[in-house]
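Undergrad: Here it is: the structure, laid out below.
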Amino acid sequence: MITLLESVLERSDGSYISPEDLQRLDRSMASWQKRRETYNLVQKLEKEIIDKVINKVQQRAPFLPKPLSEDTVNKCRRDVSLVLRYCATAMLLQDEELLKDRLLYWMQNIMRALRHQKINDRVYQVLQQTVQEQLPQENATLMLPYLKIAHEFLSQ
């Protein structure tokens, strides 16, 4: 939404906003309630979602040592929570650039340095599946594009 508003203001610079841009703004405003509902639901279910992701990854990732250390689990929990929160915020504001600029470029560099792309591929795939299981379909559909972006960035 922030990026949308900035681009509309930039294009209108000194003129009236075009009918096409007004329609884009109308569509954005019309979906606000559902996006807000989704944001609140993700916030409410965060712990449950993260717990399920960690459990599924531990069970289904044969390349991980068994059992994972408490430190490793805590770092994974922290990272996945951060991604989920930023994805929820980006979805709420309809702003994938916010997600990329504030989190993913930075986190991608760290994950590459640590060579965690393989495990991230699995973790963020499971995160998408878990969000689809935990949220009603309409809400999950709003979140998935942002989760896919995070998955793409962090598993490269």
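Undergrad: With a point put 7 Å past each Cα toward its Cβ, work out how far Thr141 is from Gln156 in nm, to one decimal.
TA: Distance between the two pseudo-spin positions: 2.8 nm.
Undergrad: If you don't mind, another one. Please list 3J(HN,Hα) in residue order for the range 76-84, calculated via the Karplus relation 6.51 cos²θ - 1.76 cosθ + 1.60 where θ = phi - 60°; whole Hz, with x for glycine and proline.
TA: Residue by residue, the range 76-84 yields 4, 4, 4, 5, 5, 4, 4, 4, 4 Hz.
Undergrad: Just want the ordering: Lys66, Lys34, from fewest to most Cβ atoms lying within 10 Å of their own Cβ.
TA: Fewest to most other Cβ atoms nearby, the residues stand as Lys66, Lys34.
Undergrad: Under 8 Å for C-alpha pairs, at least 6 residues apart: give me the relative contact order for the range 92-156, rounded to a whole percent. Provide the component values of the computation, followed by the final result.
TA: Working: 38 pairs, mean separation 32.9, N = 65.
Value for the range 92-156: 51 percent.
Undergrad: Another question, if that's okay. Please sort 115-125, 12-22 by packing, taking for each peptide the average over its residues of neighbouring beta carbons within 10 angstrom, highest first.
TA: The packing order, highest mean first, is 115-125, 12-22.
Undergrad: Between Asp71 and Lys118, what's the calculated FRET efficiency when r is the beta-carbon distance and R0 is 25 Å? Round to 0.05.
TA: 0.85
Undergrad: Further question on the same structure: Among Pro145, Leu104, Ser155, whose Cα sits farthest toward the positive end of the charge dipole of the chain (+1 at Cβ of Lys/Arg, -1 at Cβ of Asp/Glu, about the Cα centre)?
TA: Selected residue: Ser155.
Undergrad: Continuing with this model, one more query. Test of understanding: in a Gaussian network model of the chain with alpha carbons linked when under 10 Å, which of Leu25, Leu144, Leu92 would top the mean-square fluctuation ranking?
TA: It is Leu25.
Undergrad: OK, next. Could you put Lys47, Lys52, Lys75 in order, starting from the residue whose Cβ has the fewest other Cβ atoms within 10 Å?
TA: Lys47, Lys75, Lys52
Undergrad: Within the set Lys75/Lys118; Lys118/Lys148; Lys75/Lys100; Lys100/Lys148, which residue pairs have Cα atoms separated by over 18 Å?
TA: Correct reply: Lys75/Lys100.
Undergrad: Can you work out the FRET efficiency for the pair Met29 and Ile110, with r the C-beta to C-beta distance and R0 = 41 Å, to the nearest 0.05?
TA: That pair, Met29 with Ile110, gives E of 0.65.
Undergrad: Below 8 Å between Cα atoms, with a sequence gap of 6+, how large is the relative contact order for the chain in percent?
TA: Once normalised by length, the contact order is 31 percent.
Undergrad: Still on this structure: Where the centroid of each part is defined by its Cα atoms, how far is the range 26-78 from the range 134-156 in Å?
TA: Centre-to-centre distance over Cα atoms comes out at 10 Å.
Undergrad: Then there is this: What are the radius of gyration and Dmax of the chain, computed over its Cα atoms and given in Å?
TA: Considering the chain through its Cα atoms, Rg and Dmax are 17.7, 63 Å.
Undergrad: Answer rounded, prolate or oblate for the range 80-156, using the Cα gyration tensor with square roots of eigenvalues a ≥ b ≥ c: rounded when a/c is under 1.5, else prolate when a/b is larger than b/c, else oblate.
TA: Oblate, because a/c is 1.5 or more while a/b does not exceed b/c.
FYI, it's all coordinate maths here, none of it is from the lab. This is a predicted model, so every value here is computed, not measured. All Cβ positions, glycine included, derive from the backbone under ideal geometry; neighbour counts span all protein chains shown.
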